[in-house]
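The values are calculated or read from the model by the stated rules, or taken from the named source; none is laboratory data. Keep in mind it's a predicted model, so treat the numbers as computed, not measured. So basically every Cβ, Gly included, is an ideal-geometry build from the backbone, and we count neighbours across all protein chains shown.
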Amino acid sequence: MNISKSGQITINGISGSPGICIGKAYIVDREGVNLIKRYPVNDALVPKEIDRFKQAVLKAKNDHAKVIDSLDKDLGENLNILETHMVLFKDKMLYGKTIDTISEEKVNAEWALRKVSREVKTMFQQIDDTYLQARVNDIVQVSDKIMSYLVGAQDIKISDINKRVIIVAHDLSPADASQIQLERIKGFVTDRGGKDSHTSIIAKSLRIPSVLGLGLATASVRNDDILIVDGSSGTLIINPEEDTLFKYEDRMARFEEYRAGLERESHLPAITKDGIHLNLMANIELVEEVVAAKDYGATDIGLFRTEFLYLDLKRFPTEDELLSKYKELVELMTPQSVTIRTLDINGDKVNPYLKTHEEANPSLGLRAVRFCLENEDIFITQLKAILRVAAFGNIKLLIPMISCIEEIIQVKQVMNKAILELEHEDKIFNKDIPLGVMIEVPSAVMVAEHLADHVDFFSIGTNDLIQYSMAIDRQNRRVAHLYQALNPAVLKMIKMTYDAAKKKGIDLVMCGEMAGDPMNIPVLVGMGLTDFSMNSASIPEVKKLIRNLDTKKAKKIVKKIMTLSSVQEISDFALEEYKEIFPFDKLAE
Ligand code: PEP
Ligand code: MG
């Protein structure tokens, strides 16, 4: 963090999505919850402090009751969890003991609540009963809710914000980010978050400048402070000096001009200088993104992340609901192809209503296909909707997070069950669709040749492949420096996957964010990759680079790159070789 004499503060974080915005800060946070200070309370004021605590509990409880009322009554276990929370608000251990602590220790309510909830948490964790241990999370959530009323930082619904502001938050979930109303919110910054996290992917597709992983944003910004968000370089400037403001206004204008220029050319074909045709497809999360994908020049939908339909609902969608959404998409895209990926929830895309078991490491837990194989009815419902929509268009089916052969065999067995059900129900469907797996777990790379015997195509998911091979959490800013696509280990895995696909004669696509960064394209094309799917906003810039690229040179250069041992050497070498065609620094002084 850098503070100038005039009070301008500059904090560097991680680029979430490119672009610049300037505007007033709007803090959306419950971070106060984590910054609790202890202060003594005068004897005479103890009853008032207890009353303040009781009021906070009452407000939190009323709020919670409203949530329960608004839900579907057939939520089963999920509803039970929420009802358990209702009881916990007045639980003796939490409620009673907090009041006792305020009066006995004569401390503020926040401190007392924090102390008691920690004690209860420790106690539960020591009990040798997994059910009770799992209840720890309920206690934490209830106490956080009360705390947010105590510190005056109630949850603000992102979709309710109706000012032209820049959001400052401790963290935004992918679901929060997808609620952003473009015409209202200029950009956002967060303390947490890492490169290629789902929050950053959504920000890119919304084309909203963002900086993540700032660590100190919520602690340094006050509501209504003037902010400059430079999403391209990953910088936040608070209360800028006049000179800085002028400089960034100019940069903002130049960036917009550069982007508009790229977009004017986005309809041109992705043909290299030596005439090789490459396929640039779009990754989308919502059907509504198709129009933008086409405008940016995407030929097909190379990855439809279906989980967002589930995250928006408060229950699992029915087969017909899914079918009608998929149909909308297919109608917009036909005759071009749509690759529908089955549900990839948990990890960082969690729906609170689906969360029945706490996991210490959700990214390594019951995520994606693992969740689907455990919850066969949910999986079959989705597979049936996909097979049915395949009767109307050009559909490919993609399975995420496959880590071994057994899983794909099991998936095929479940598919057969779905097919039998559809036959039995006399429904129109098409089972002859290409089946692919995401290659995003290192073990899948290692057994890619075997996997290829079971499927029609691979789709390399570098977002997770980098996370899992480098052992870095995609969401953790503190390890974001290790998240580098051009790491030799990552490049070797891509090459191994390419070799396996080629040897077995199956198709290969890359759909991770790595493909959306023009700097990586020469290396990938040099390795032989021809099909890329990316955030559609990245397509114009990638296309421009492809139109200037010579594949013969790329193949020669990649041979040398594969012998280099570090990211630094690789990027320096690539930069030197391709400096003429790499995107000029749009924001250079
Ligand atoms: C990936 O992991 O690269 C990918 C495309 O999937 P997601 O970002 O949805 O995990
Ligand atoms: Mg993934």
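All but one of (1) touching a Ser or Thr at 6+ places or on another chain (Cβ under 9 Å); (2) surrounded by 18 or more Cβ atoms within 10 Å (Cβ to Cβ); (3) not basic (K, R) hold for G461, so report the exception by its number.
(1)
May I ask you to list the residues in the range 471-493 that are modelled with pLDDT under 95, away from ligand 1 (no atom under 14 Å from the Cβ) and in contact with a Leu (Cβ under 8 Å, 6 or more places away or on another chain)?
Passing the criteria: only R477.
With (1) away from ligand 2 (no atom under 14 Å from the Cβ); (2) farther than 19 Å from P362 by Cα; (3) buried (at least 16 other Cβ atoms within 10 Å of the Cβ) as the list, and R477 as the residue in question, which single condition is left unmet?
Condition not satisfied by R477: (2).
Does G505 qualify as being of a type in the set (G, A, S), assigned by TED's automatic domain parsing to the domain that holds D274, more than 16 Å from ligand 1 (Cβ to nearest atom) and surrounded by 21 or more Cβ atoms within 10 Å (Cβ to Cβ)?
no
Say we look at the range 387-401 and pick out the residues that are in a strand (DSSP E or B) and hydrophobic (A, V, I, L, M, F, W, C); which of these is farthest from E331 (Cα to Cα)?
Among those that are in a strand (DSSP E or B) and hydrophobic (A, V, I, L, M, F, W, C), it is I399.
Can you tell me which of M514, M510, M496 is within 9 Å of ligand 1 (Cβ to nearest atom), assigned by TED's automatic domain parsing to the domain that holds K396, farther than 15 Å from G194 by Cβ and modelled with pLDDT of 95 or more?
Working: M514 fails: farther than 15 Å from G194 by Cβ; M496 fails: within 9 Å of ligand 1 (Cβ to nearest atom).
From the options M514, M510, M496, the qualifying one is M510.
Could you list, in sequence order, all residues of the range 379-426 that are free of Cβ contacts under 8 Å to residues at least 60 places away in the same chain and among the polar types (S, T, N, Q)?
Within the range 379-426, S403, Q410, Q413, N416 qualify.
What's the number of the only condition in (1) surrounded by fewer than 16 Cβ atoms within 10 Å (Cβ to Cβ); (2) outside any helix (DSSP H, G or I) that L529 fails to meet?
(1)
What residue, among those in the range 448-470 that are of a type in the set (A, V, I, L, M), closer than 19 Å to L397 by Cα and in a helix (DSSP H, G or I), is farthest from ligand 1 (Cβ to nearest atom)? Steps first, please.
As a first pass, look at the range 448-470 and keep what is of a type in the set (A, V, I, L, M): 448, 451-452, 455, 460, 465-466, 470.
The next check asks that each one be closer than 19 Å to L397 by Cα; those that pass are 448, 451-452, 455, 460.
Subset that is in a helix (DSSP H, G or I): 448, 451-452.
On the way: A448: 16, L451: 16, A452: 19 Å.
This residue is A452.
Which residue out of D176, D191, D274, D243 is free of Cβ contacts under 8 Å to residues at least 40 places away in the same chain, in contact with a Ser or Thr (Cβ under 8 Å, 6 or more places away or on another chain) and of a type in the set (D, E)?
Every option except D176 fails the conditions.
With respect to D572, is the statement that it is outside the structural domain of T339 (by TED's automatic domain parsing) and either in contact with a Ser or Thr (Cβ under 7 Å, 6 or more places away or on another chain) or farther than 24 Å from L280 by Cβ (or both) true?
yes
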